[in-house]
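Asker: Structure in structure tokens, see below.
The values are calculated or read from the model by the stated rules, or taken from the named source; none is laboratory data. For clarity, every value in this text was computed on a predicted model and none was experimentally measured. Because the Cβ atoms are built from the backbone with ideal geometry, glycine has one as well, and the counts that use them run over all protein chains shown.
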Amino acid sequence: MEEIKKALEMKDSKKVAELLYYAADELEDEELEEILEEAEKLARESKNYELYKLVVYIYQEFLGVDKISEFENLALDEDTFEAKFNLADLYALIGEVEKALGLFREILEEETARGNRENIAKVYYEMALAHEELTEYEKAKELMEKAAAAYESLGNEDEYLHTLIYLAYLKFENGEVSEAKADVAELLPKIQEKPVLLAQAHLVYEEIFEDEENYDAALQECLYAMVKSGEYFDVAFDALLDVIWQLMLEDRFDVIYENMDMFARAFKELSEFFNGVKAIALFKEGKMEGEDVKEILAKIKDRRLLDLVQLLGEAEF
């Protein structure tokens, strides 16, 4: 809360967007509304439409307040790429994917006429994500290939490699598992010094192994992603939580408690959390008493992490 307020006082719209993205679900409604009011003012003043998009989305998703028409009117009045691009992305975020695609196509036509290759690449990428959302994987692949080609022609290596990683993921979703694995393997030597891309690549493997119910391998890929992730850590951590949740649902408690030590040792600042997850799994397997579990959970000082452990254990403690 205080960090967001400081960023607002500094009128650092980029920092506000970054903090708000991760903190929205941790704030009380009154606190969130106060922050959103200030963030909306800053977004309008600075014409930061990415921040404005996030504010409008959070208003609707967390507070049930509809400000979409306000953003629509502003974006269409401004009639700039950034404004309309973020409006289209907002449509996709709230589930109006066809509406998003319609606006993306309009923007693509305009940017093609202007010859703005960077904007064209961005639109191709977002359109690919929209078609993925509709499970139209062939179309998504086609558009992601166009995004990759555009970034390659621009000499933007990081974005080019990122689109190739995502293209491999789309192949996996389309059932082309062997080719997806090979594509990621081909990219690995090229991204060893690029932590975020390396984390993304390992998370593609995590998805593949989880789908194959090879949970030990999926957990190891989560570990690799978290170690290498840098600023992508929260995404990698969320992927790990998804695997643990799936294992809980399938009563595969042994896989959980046999793997948590490696996470506890790799991330000592989170060791109490991983010890707590291990204890919950041992309890569910009948290998630990409830009082012993409570003693371990009491060592978790971060309320959010404690809530996560209790959620994974379905709030038994």
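Asker: Enumerate the pairs (first residue in the range 207-218 and more than 16 Å from Asp251 (Cβ to Cβ); second residue anywhere and assigned to a helix (DSSP H, G or I) and of a type in the set (Asp, Glu)) with beta-carbon separation below 7 Å, excluding pairs fewer than 6 apart on the same chain, so at least 6 apart or on different chains.
Answerer: Between residues of the range 207-218 that are more than 16 Å from Asp251 (Cβ to Cβ) and residues that are assigned to a helix (DSSP H, G or I) and of a type in the set (Asp, Glu), the close pairs are Phe209/Glu221; Ala218/Glu206; Ala218/Glu210.
Asker: Going through the range 108-136 one residue at a time, which ones are hydroxyl-bearing (Ser, Thr, Tyr) and either closer than 21 Å to Leu76 by Cα or buried (at least 19 other Cβ atoms within 10 Å of the Cβ) (or both)?
Answerer: The answer is Thr112, Tyr124, Tyr125.
Asker: Need the failing condition index for Tyr57 against (1) touching a helix residue (DSSP H, G or I) at 6+ places or on another chain (Cβ under 7 Å); (2) not assigned by TED's automatic domain parsing to the domain that holds Tyr22, just the number.
Answerer: Looking at each condition in turn, Tyr57 falls short on (2).
Asker: Select, from Leu19, Leu36, Leu63, Leu103, the only residue that is among the aliphatic types (A, V, I, L, M) and closer than 25 Å to Leu305 by Cβ. Before the answer, list the steps.
Answerer: Numbers: Leu36 fails: closer than 25 Å to Leu305 by Cβ; Leu63 fails: closer than 25 Å to Leu305 by Cβ; Leu103 fails: closer than 25 Å to Leu305 by Cβ.
Exactly one of Leu19, Leu36, Leu63, Leu103 is among the aliphatic types (A, V, I, L, M) and closer than 25 Å to Leu305 by Cβ, namely Leu19.
Asker: So which helices (runs of 4 or more DSSP H) stay within the range 209-317 end to end and still have 3 or more residues that are more than 20 Å from the chain's Cα centre (by Cα), charged (D, E, K, R) and surrounded by 12 or more Cβ atoms within 10 Å (Cβ to Cβ)?
Answerer: On the way: elements: 215-228, 233-249, 253-266, 271-284, 290-297, 303-312.
In the range 209-317, the matching helices (runs of 4 or more DSSP H) lie at 253-266, 271-284.
Asker: Looking only at the range 142-153, decide whether some residue is touching a His at 6+ places or on another chain (Cβ under 9 Å) and basic (Lys, Arg).
Answerer: Within the range 142-153 (the criterion being touching a His at 6+ places or on another chain (Cβ under 9 Å) and basic (Lys, Arg)), the answer is no, since none of the residues qualifies.
Asker: Within the range 89-107, which residues are within 17 Å of Ala147 (Cα to Cα) and buried (at least 18 other Cβ atoms within 10 Å of the Cβ)?
Answerer: Result: Asp89, Leu101, Phe104, Ile107.
Asker: Moving on. Within the range 39-54, is there a residue that is touching a residue at least 40 places away in the same chain (Cβ under 8 Å) and under 21 Å from Leu76 (Cα atoms)?
Answerer: As a first pass, look at the range 39-54 and keep what is touching a residue at least 40 places away in the same chain (Cβ under 8 Å): 53.
Next, from what is left, pick out any that are under 21 Å from Leu76 (Cα atoms): 53.
For the range 39-54, residues touching a residue at least 40 places away in the same chain (Cβ under 8 Å) and under 21 Å from Leu76 (Cα atoms): present.
Asker: If you don't mind, there's one more thing I want to ask. In the range 89-146, which residue that is in contact (Cβ under 8 Å) with a residue 24 or more places away in the chain and among the aromatic types (Phe, Trp, Tyr) is nearest to Lys171 (Cα to Cα)?
Answerer: If we take residues in the range 89-146 being in contact (Cβ under 8 Å) with a residue 24 or more places away in the chain and among the aromatic types (Phe, Trp, Tyr), then Tyr137 is nearest to Lys171 (Cα to Cα).
Asker: Would you say Tyr160 is more than 24 Å from Thr80 (Cα to Cα), surrounded by fewer than 22 Cβ atoms within 10 Å (Cβ to Cβ), free of Cβ contacts under 8 Å to residues at least 24 places away in the same chain and under 22 Å from the mean Cα position of the chain (by Cα)?
Answerer: Working: more than 24 Å from Thr80 (Cα to Cα): yes; surrounded by fewer than 22 Cβ atoms within 10 Å (Cβ to Cβ): yes; free of Cβ contacts under 8 Å to residues at least 24 places away in the same chain: yes; under 22 Å from the mean Cα position of the chain (by Cα): yes.
For Tyr160, the condition - more than 24 Å from Thr80 (Cα to Cα), surrounded by fewer than 22 Cβ atoms within 10 Å (Cβ to Cβ), free of Cβ contacts under 8 Å to residues at least 24 places away in the same chain and under 22 Å from the mean Cα position of the chain (by Cα) - is met.
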